[in-house]
Structures are given as structure tokens and as C-alpha cells.
Amino acid sequence: MENKVNATGRRKEGVATVWLSSGKGNIIINGKRLDEYFPHISLQSKVIAPLEITENLKRYDVKVRVKGGGISGQAGAVAHGVARALVEADEKLRNVLKKKGLLKRDPRMIERKKYGRRKARAKPQYSKR
């Protein structure tokens, strides 16, 4: 693979555009290194999970532009995008990633606020008198 492969990943409100190119395993997210952008180890491991499972951690360079949502949603979006890009680069990896559930878009979103309620389901406090 000499040219870049790109894919999009989504989770909650986060949207990540991922470019995968052959390299030494550098991961750059919004111009920062992985450990600078995601300081928590759990989020870092979530992002590199598709690369570790397919044993391609030191084979590809990953460049990501991610926006929207919070830090957890962004990490999930990046992982989804990396998994999709890996499949686009090498179709043989599809089964491995699919079994681990990394190609599935997580459909859970925040429920909208309803009228007459404080939040989506929380009701105002009730008092008998």
C-alpha cells in the first residue's frame, strides 16, 4: 500500500476522519500525539485496539481529524474509523475485526429532552402539599 486509505468513524456526537498509510506506527490526532490527545490509558487502548488485534501496530501510520462530542465519544469514533480503514487497506482483516465488534457503529445516543421534564426522563420534584 503506497497511497493513503481514508475512512470515517462515528460514536455519539464524535466524527473522526482517519487516514492510514504505511509507516512505523505513528498515531497523530488533530496534530497531537496519541498520548497527548487522549491522556487516559483506557482511551488510548480503545484507539489502538483495531491495530493490536490485527497485529498492524508498527506497520501503519495513522493520521486523524476528530471533532464533536466528548473525549470518550471521540476515542470510540477514532477506533471505528481505524477499523474501517484497516478493512479498506486489507479485506482479509474484516472477519477478525467483525468478530471483536469493531466495525459496528455504536448506535447509543443521548435521548432528547421532552417538554414538561427537566431532562429526557427526569420529572420535576413532586410535593403533596
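What follows draws every value from the coordinates through simple rules; no lab data is involved. The structure displayed is predicted, hence computed values, not measured ones. Methodologically, a virtual Cβ is constructed for each residue, glycine included, from the backbone with ideal geometry; neighbour enumeration extends over all protein chains shown.
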> Label points 7 Å out from Cα along the Cβ direction at Gln44 and Ser127: separation in nm?
Replying inline: 5.1
> Can you list residues whose amide H is under 5 Å from Ile27's amide H, if they're 5+ apart or on another chain and H is modeled 1.01 Å from N?
Replying inline: Leu34, Val62
> Per residue, what volume in Å³ does the convex hull of the Cα atoms of region 81-129 enclose?
Replying inline: 95
> Using modelled backbone amide H atoms (1.01 Å from N, in-plane), which distant-in-sequence or interchain residues come within less than 5 Å of Ser22's amide H?
Replying inline: Asp61
> What is the gain in length, in nm to one decimal, between Glu52 and Lys4 on full extension, counting 0.36 nm per residue of separation less the C-alpha to C-alpha distance?
Replying inline: 15.3 nm
> When the Karplus curve 6.51 cos²θ - 1.76 cosθ + 1.60 is applied with θ = phi - 60°, which whole-Hz ³J(HN,Hα) does each residue of region 113-120 get, with x for Gly and Pro?
Replying inline: 6, 9, 5, x, 10, 7, 9, 4
> Fewest to most neighbouring Cβ within 10 Å: what's the order for Arg84, Arg33?
Replying inline: Arg33, Arg84
> In the chain, with Lys and Arg counted as +1 and Asp and Glu as -1 at Cβ, which of these residues, Gly23, His40, Pro107, has the Cα nearest the positive end of the dipole, that is, farthest along it?
Replying inline: Pro107
> If one takes the longest principal axis of the Cα atoms in the chain, at what angle in degrees, from 0 to 90 and to the nearest 10, does the Cα axis of helix 41-53 lie?
Replying inline: 40
> Under Stokes-Einstein, with the Kirkwood radius over Cα pairs standing in for Rh, what whole-number D in µm²/s applies to region 19-129 at 20 °C and 1.002 mPa s?
Replying inline: 135
>> On C-alpha positions alone, give me the angle between the axis of helix 71-89 and the longest principal axis of the chain, in degrees, nearest 10.
In response: 40
>> Sort 109-117, 14-22 by the packing proxy (mean of other Cβ within 10 Å over each peptide's residues), most packed first.
In response: 14-22, 109-117
>> For the pair Ala120/Glu13, report the inter-label distance in nm, with labels modelled 7 Å from Cα in the Cβ direction.
In response: 1.3
